[in-house]
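Here's the structure we're looking at; comments come further down.
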Amino acid sequence: TAGITQAPTSQILAAGRSMTLRCTQDMRHNAMYWYRQDLGLGLRLIHYSNTAGTTGKGEVPDGYSVSRANTDEFPLTLASAVPSQTSVYFCASSTSGEGDTQYFGPGTRLTVL
Amino acid sequence: AQRVTQPEKLLSVFKGAPVELKCNYSYSGSPELFWYVQYSRQRLQLLLRHISRESIKGFTADLNKGETSFHLKKPFAQEEDSAMYYCALLKSGAGKSTFGDGTTLTVKP
């Protein structure tokens, strides 16, 4: 199995443009998450989904939106990118929502100019 | 609000020396604590979780509820232990998923 994958690996984006970061898992995990990793700030939760059809806001949701149409996919959309969204984005999944081990994707490095 | 604090951003030890990466937390309920590791150019991966009480790659971590700590320890550090380590409190069901800022461990030969 592939586990959890993300696309693209990296991207340079002009400010004001929109972009969707893709995340796919084949482990049939119910819960999925999006984090951003910034130097000195650790990982911060952007959005999460406990199960298909539901989503919730994390610590830093502004400027991002997500959808969870099915179990396997959890795309993250930046409607109008700003330079402060330059970061490394990690998608993760877990069996359920309560205290389970989270498994991480390889990350997407996004630069907004 | 829950919080995870890793007071050391950088930690450097010599090979064979003991190492301790500190983690303190604040949480009103029963915590689910984890240590994740990120080796250079690799994804984050689970190192250990407190509920399993196991030793992985020689690392152990004990939950101390009195001191609200979950320090990661290894008696003899190896060069391959050099990585970024994150302490995490994962109460994901309510979207309460909190990572510390991370500690970069460098083990010198």
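Every number in this text was worked out from the coordinates using simple rules, so none of it is lab data. From a predicted model like this one, the values you see are computed outputs, not experimental measurements. Heads up, the Cβs are rebuilt from the backbone with ideal geometry, glycines too, and the neighbour counts pull from every protein chain shown.
Over the residues of the stretch B:3-108, compute the C-alpha Rg and express it relative to 2.2 N^0.38 Å.
In units of the globular-protein estimate, the stretch B:3-108 measures up at 1.02.
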Worksheet item: Counting Lys and Arg as +1 and Asp and Glu as -1, what is the net charge of the other residues whose Cβ lies under 12 Å from the Cβ of A:Phe90?
Response: +3
Discussion item. Distances longer than 20 Å among the Cα atoms of the stretch A:4-112: what percent of all pairs is that?
Written reply: 32
Item to complete: For peptide A:58-66, compute the average count of partner chain beta-carbon atoms within 10 Å of each residue's beta-carbon.
Response: 1
Worksheet entry | Alpha-carbon gyration tensor eigenvalues x 5, square-rooted, for the protein assembly as shown, Å | 29, 20, 16
Worksheet item: Using unit Cβ charges (K, R positive; D, E negative) and no other charged atoms, how large, in debye to the nearest 20, is the dipole of chain A about its Cα centre?
Response: 260
Worksheet item: Suppose R0 equals 25 Å; then what is the FRET efficiency for A:Lys57 and A:Ala79 from their Cβ-Cβ distance, rounded to the nearest 0.05?
Response: 0.95
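If you take each beta carbon of peptide B:39-45 and count the beta carbons of other chains within 10 angstrom, what is the mean? Mind dumping the intermediate values first?
Details: counts 0, 0, 2, 3, 11, 11, 3.
Per-residue shielding by partner chains comes out at 4.
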